[in-house]
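Notes follow once the structure below has been shown.
Each value in this text was obtained by applying a stated rule to the coordinates, not by laboratory testing. What you are looking at is a predicted structure, and each value in this text was computed from that prediction instead of being measured. Neighbour counts are summed over all protein chains in view; Cβ atoms, including those assigned to glycine, are modelled from backbone coordinates with ideal geometry.
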C-alpha cells in the first residue's frame, strides 16, 4: 500500500516559514499535482516527502509508516528532477541501473527491468549512449526510466517539463500520463504550469505562500474555485474580476457594474447571494469564454451590453478581445468572424449562469 | 510628436576611414611578429641547453660559435645515463614525486569533497584557511621544519635529516593546498541535483564520491595530479636543506651539487643533466598540455 | 477516520525506537563524515605549516646555540647589520620590479595570442608556456651558462655587433638585472595564461559597444578590458608578489647572493645564515622578516578584491 499522508507539515528556514502546516492525504495509485507560483512551497513540500529536506514540524507518512527520520534511500521512492540529473559519465543503461546496482540486485533482474522500462518509454536504441548525446526529451525519458526501474512506492516529479520547449512539453505530458496508466504508481508531481496540473492530475493541490488554497479534481477547481487566488490561477486566459455591488432593483437582485450597466441575476444565483450585504465591495468573476459576442436570440442568464474594444488578438480558432469595464480590463472570447476590431465598438453578452461573486476584501468565493 | 534637432556639426576628432579587414590584417601581422620575438625569448634557454648538451668539452672550451654544434656528440648523454649516481638521482626524484602525488590526492580529494559539498562546522573557515596557507612561503618554513625534524630525530632515534623519505612529509605542504583548491572548484561545478539523485538512488557519501564525483571531475583530477607532480619534481630548497649525502639527493639538487666541481665546469654534462632533469615535466606537458593549463586557470577563474 | 485515532501511538513508538540508535546516527551523520574526510588536510596544515610558522617565532628569540632566551636580541643584531638592510631593499626592489614586468609582459603577450585566430592559439600558447614548465632550478642553470663570465653566448653575440662583454653576474647592478630577468622569464608565462583565460571571458559585445562609441584600441583596453579583469589582476599579482618575494632557486643558483651580497634576498640570506652558518635562530629571524611585508601587501590586495566583490 503506497498512500502518502502529510499531517500539519511545517518547514522553517531560520525565522521564515516556507511551508505553514500542510495536511494532505494521497490515496494509493493516485496522481496528485502540487501547483502554485514560484515560492509557494510546493518544491519544498516535495523534497520533504523525498527526504532531501528535514521536516521542521509535523509528520509525513508513506505506506502508513512515519518517515520523518528515514533517509531517502529507505523510503522506497524515486524522483525525476527538473534538470534530469543524469550521471554524465554513465550510459543510459548504467544511469537507469545505478540504484539497483548499489543494492546488489542480480544482473538478470537488472537487465529485465531496464528492458521493460526502455520498451515502455521507447528508448531502447539509446541504451548505450551517454547523456550528452541525447536530446532534452530523450534525457527526460531516461530520467523517468531511472525512476520506473526502481519500482518504488511513490514517484516524485519536480517540475520535469520546465526545461523543454512548448511542443515537447505537450508530447511529454502525454508520455507521463501513459506511463501512469500502465504502472499505476502513486505520484506526486510539482509544477508551476496550471495546464500540466489540469491535464495530468487526478486531484490538484493549489498552493500559495506555504499554504494549501484548495484541493480538488481539475473540474472542481475550474468550475468551483474557493478563493480568488485559485480562480485566477487556474484557467488560461485568466478569469476576469470586475468590481461590482449587489443592489435590489425592481424587486429583483442585480449586480451593478457601473452607472450605466447593471445585470439582473439568474434565479439560482439570486437565491444564493440573497444574504450578502448590499454595501460589501464585491468582484464579479467571469471567465473569458463566458464573455462572447451577443447572439440574435436571448437565453436566460445571458445579458447583452456594449463595449469599445481596446485590442484584439486573432488566434485563428477564436479571437480574444480586451476592453475596459468599470476600471478593470476584461478579456473575452468571440468567434473569428464576429467583426471584432481594435478600437471599434462591439455588442457583447455575458453568461451570468457561470458567474462567481467574490468578496474583494477576503478573496473568498461566495 | 515633437521633432528633435540634430547637431549637424560632425565629428570633432579626425576620423580615419579604412576597411576593417585591412586593419585586421595589419593587426594580425604585428601580432605574429611580436609573438615570434617572444617565442625566441622564451625558448632560447631550453634550445641552448639542447645545443650545449650535444657538444664535447673540447668544442665548448674552443669557444667557437656557441649557437651552433659543429661536431655533435652523444657522449654527455651516454656518460650520464650510464652513471649510477645520476640514475640514482633520477630514481629518487621519481619515487618521491610519485609517492607525493599519491599522498596529495588521497588527502586533497576527500577534503575537497567535504568542503565543497558537505556543510560542517568550520567548513568555511577551513576553506579560506586552505587558501591562506598557500600564502605562507616555503622559505619561511624551511628553517623551523629543519629544526623540528632534527629534534624529532633526536627524540625517537629515527634518522630524519638527510633521508629522502622526509620529503614525503614536507612536499605535500606545497601541493595539497592548491590541489584541494582545484578540486573544490571542479566539485563545486557539479550540479547539486546529481548528489540528490545519487542519494535517492541509495548511495552513501563515500559511494557518491567514488562513483559519481571522481569520474565526472576527472579532468580536474588529472590537472591536479600534473600540478602535484611538477611541483614535486622541481623542488630545490627543501631537498637542499634536508638531504646532503649523494645517494639521498633528488635530481635538481643532485645535478647542481655534483656536476659543478670546483673550477672545472663540465658544461656539456651540466646542460645534459639539466635537460634530462627537465624532461619529465616537459614530456607530460607535451601530451597533456590542456589539463596542465586547466589546472592553473581553474584556481583563478573558478575561485 | 479510524486512522486518525491510531496515528499518535504509532508515531510515539517509532520516535522512541529512533532515539535509541542516536549514537549510530551521530557517527553516520554528514558532519562527522565530512570532518573525518577533511581531517588529514587539517592535520597536515596544522602540524607542518601553522606550527612551524609559530615555532619560527620561538626560534627567533633564542641565541645561536638555542640554549638561552634572548628576546629581540637577534632582531637588534640584524638591524645593526648593513647586509640586512641591503637584503630588505633588494628583496623589495626585486619583487616589485619583477612582478610589474611579469604582469605587463604577460598582459601584452596574452593580447597578441588572443588576437590571432583560435585554431593557431593552441600551439603558440604551448610554446610560450615552456619556461613555466621547466623546473626553475634547471632553467636557471641554462641562464647561468648563458651568463658565464668566459663563455657567455650573449657576450659572443654582442661581440658580433661590436658591443663590449657584459659582466652579467660579476657586477652588482648587472647581477641584479640578470636575476630579475630570469625571474621574469620564468614567471611571465603564468601571467599570460591567466590573463588569456580572463580575456576570453570578457564579452565581445562590450568591445563592439565601445568601438561604436568611438574608442580606439588603447581606450578599449583601459575602459573595458582592465575593469573587467580587475579581480584576476589583483589575485595573480598577490600570488606572484608572495612567490617572487620568497624566491630562492633563481638567486641561489645564479649568483648565490653575490657579488658581495648584492643580490641576496630574504630566502637566500636566511639559508646562508641559518643553514650554512649554522645559526638557526638568526636564520629564522631573517625569514620572519618577510611576514610583515607580505601581510601588508596581502591586506591591501585582498581588501581591494573584497571591495570590488561588493561593487559587483
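Just a few scattered comments:
- Shielding of peptide C:223-232 by partners, expressed as the average count of other chain Cβ atoms within 10 Å per residue Cβ, is 1.
- Difference of contour (0.36 nm per residue) and Cα-Cα distance, residue A:337 to residue A:168: 57.7 nm
- Between residue A:20 and residue A:268, the simple label model (points 7 Å from Cα in the Cβ direction) yields a spacing of 3.5 nm.
- Counting only DSSP beta bridges with both residues in region A:99-239, the antiparallel share comes to about 50 percent.
- Normalised contact order of region C:73-311, rounded percent, pairs of Cα under 8 Å and 6 or more residues apart: 28 percent
- Summed over qualifying helices (DSSP H, 4 residues or more, each -39500 (n - 2.57)) and divided by its residue number, the protein assembly as shown shows a 222 nm mean residue ellipticity of -17500 deg cm²/dmol.
- Averaged over peptide C:109-122, the number of partner chain Cβ atoms lying within 10 Å of each residue's Cβ comes to 3.
- Order of A:38, C:287 - criterion: other Cβ atoms within 10 Å of each residue's Cβ, fewest first: A:38, C:287
- Sorting A:178, C:80, A:73 from the fewest to the most surrounding beta carbons within 10 angstrom yields C:80, A:178, A:73.
- Under 20 Å from a label point set 7 Å out along the Cα-to-Cβ vector of residue A:276, the amide N atoms of region A:341-361 belong to A:350-361.
- Modelled this way, with points 7 Å down the Cα-to-C-beta line, the labels at residue C:50 and residue A:94 are 4.0 nm from one another.
- Globularity ratio of region A:1-84, using Cα Rg and 2.2 N^0.38 Å: 1.05
- Volume of the Cα convex hull of region A:244-366, divided per residue and given in Å³: 114 Å³
- Region C:78-201 shape via C-alpha gyration tensor axes, a/c threshold 1.5: oblate
- Cβ-Cβ FRET estimate between residue A:130 and residue C:104, R0 fixed at 51 Å, reported to 0.05: 0.70
- Cα extents for chain B along the principal axes, largest to smallest and rounded to whole angstrom: 94, 66, 36.
- Look at A:13, B:285, C:223 and count the other Cβ atoms within 10 Å of each Cβ; fewest to most, that gives A:13, C:223, B:285.
- Kirkwood's formula applied to the C-alpha pairs of region A:4-226 gives a hydrodynamic radius of 17.9 angstrom.
- Relative contact order %, chain A, counting alpha carbon pairs below 8 Å whose residues are six or more apart: 15 percent
- Pairwise alpha-carbon distances in chain C exceed 27 Å for 62% of all pairs.
- For region B:44-148, the fraction of alpha-carbon pairs in successive 5 Å shells from zero, as %: 2, 9, 10, 10, 12, 11, 9, 9, 9, 7, 5, 3, 2, 1
- Using alpha-carbon coordinates, inclination of helix C:118-128 to the longest axis of chain C, degrees: 60 degrees
- Oblate is the label for region C:25-124, because the ratio a/c of its alpha-carbon gyration tensor axes (a ≥ b ≥ c) is 1.5 or higher and a/b is not greater than b/c.
- Spin-label model, residue C:69/residue A:209: points 7 Å from Cα along the beta carbon direction are separated by 6.7 nm.
- Shape summary of the protein assembly as shown, radius of gyration then Dmax from alpha carbon positions: 38.3, 128 Å.
- Computed over region A:124-268, the alpha-carbon pair-distance distribution with 5 angstrom bins reads 2, 7, 14, 15, 14, 12, 9, 6, 6, 5, 4, 3, 2, 1, 0, 0, each value a whole percent.
- Compared with the direct C-alpha span, the chain from residue A:202 to residue A:248 gains 12.4 nm at full extension, assuming 0.36 nm per residue.
- Average Cα contact separation per residue, chain B, under 8 Å, 6 or more apart, as relative contact order %: 27 percent
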